[in-house]
Amino acid sequence: MLLATDLDGTFLAGSAADKAQLYELVRSREDIQLVFVTGRGIRSVLTLLEDPDLPRPEYIICDVGATVTHLASLVAVEPVQSAIAGLWPGDEVREKLKTVKGLLHQEAQQQYRCSYYYDDATDIETARQVAESLQCDLVLSAGKYLDVLPKGVNKGNTLQQLLGVLSLPHHQVLVAGDSMNDYSMFEMGFKGVVVGDAEPELLVRTAGMPSVLQSDRIGTGGILEALSRFPEFGIYL
């Protein structure tokens, strides 16, 4: 199976016991392939992986789906990455968004996306119009993050493209997340878990999805519950 998981609030969250149990399970089972799917940039993820307790993924989907890297080689996954790059308008995005009231640019290194903080005073509608004029999508998450991405690019779509490269079917995938930038993974129809303490809108949007478990357990605890709940993965805890 392939476990495709968000990091903050998900794979990095939960009780010490739950984290230890899940991390050891992933390390010890050769039949579990790990993919990180995160809003962080690659440098931030590589810094996290300096922690020897954190299992190392085979692939890392960063930048809310805008970049995808094979960890062992640190090489972009093709042809997925080139297709994403070809959709990105470049510096024009940031230049045009400078006119939008209430956006605070995130200074972290970014490829093929622009990321901002927003609040109640931000002119979201104008930001959305600017994004659309540049053939881009606007994604809000956690009540404070605003990402502008190439049109159609998101965590779920990039994960699906990666599965095509790996020739791995949908039914062998479990996705996990806690915020609205994870919604596209659930929308793709993968088996999934919305972990405890998730963004309320994500709970509303995934309610009733037959393939999605809404867990009360935080982070890694929710993932452990899902691994036990879906018998097709053959993991009994």
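The values are calculated or read from the model by the stated rules, or taken from the named source; none is laboratory data. Quantities reported herein were computed from a predicted structural model and do not represent experimental measurements. Calculation scope for accessible area: heavy atoms of the full protein, side chains included, ligands and nucleic acids excluded. Shrake-Rupley method; radii C 1.70, N 1.55, O 1.52, S 1.80 Å.
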Q. When the gyration tensor of region 130-179 is built from Cα positions, what are the square roots of 5 times its three eigenvalues, in whole Å, from largest to smallest?
A. 25, 16, 5
Q.
Leaving ligands and nucleic acids out of the surface, order Tyr236, Tyr145 by accessible area at 1.4 Å, largest first.
A. Tyr236, Tyr145
Q. Using alpha-carbon pairs under 8 Å, 6+ residues apart, how would you state the relative contact order of the chain in percent?
A. 21 percent
Q) For the chain, what is the Kirkwood estimate of the hydrodynamic radius, computed as the reciprocal of the mean inverse distance between distinct Cα atoms, to one decimal in Å? A) 18.1 Å
Q: Order the following by accessible area, largest value first: Arg113, Arg29. Probe radius 1.4 Å; ligands, DNA and RNA are ignored.
A: Arg29, Arg113
Q.
For region 33-109, what does the convex hull of the Cα positions come to per residue, in cubic angstrom?
A. 106 Å³
Q.
From the protein chains alone at 1.4 Å, what is the descending order of accessible area for Leu87, Leu54, largest first?
A. Leu87, Leu54
Q.
Using only DSSP helix segments of four residues or longer, with each worth -39500 (n - 2.57), what per-residue ellipticity at 222 nm results for the chain after dividing by its residue count and rounding to 500?
A. -9000 deg cm²/dmol
Q: Let me have the relative contact order for region 50-139, percent, based on Cα pairs under 8 Å that are six or more residues apart.
A: 21 percent
Q. Which residue, Ile61, Ile223, Ile84, tops the fluctuation ranking in a GNM of the chain built on C-alpha contacts under 10 Å?
A. Ile84
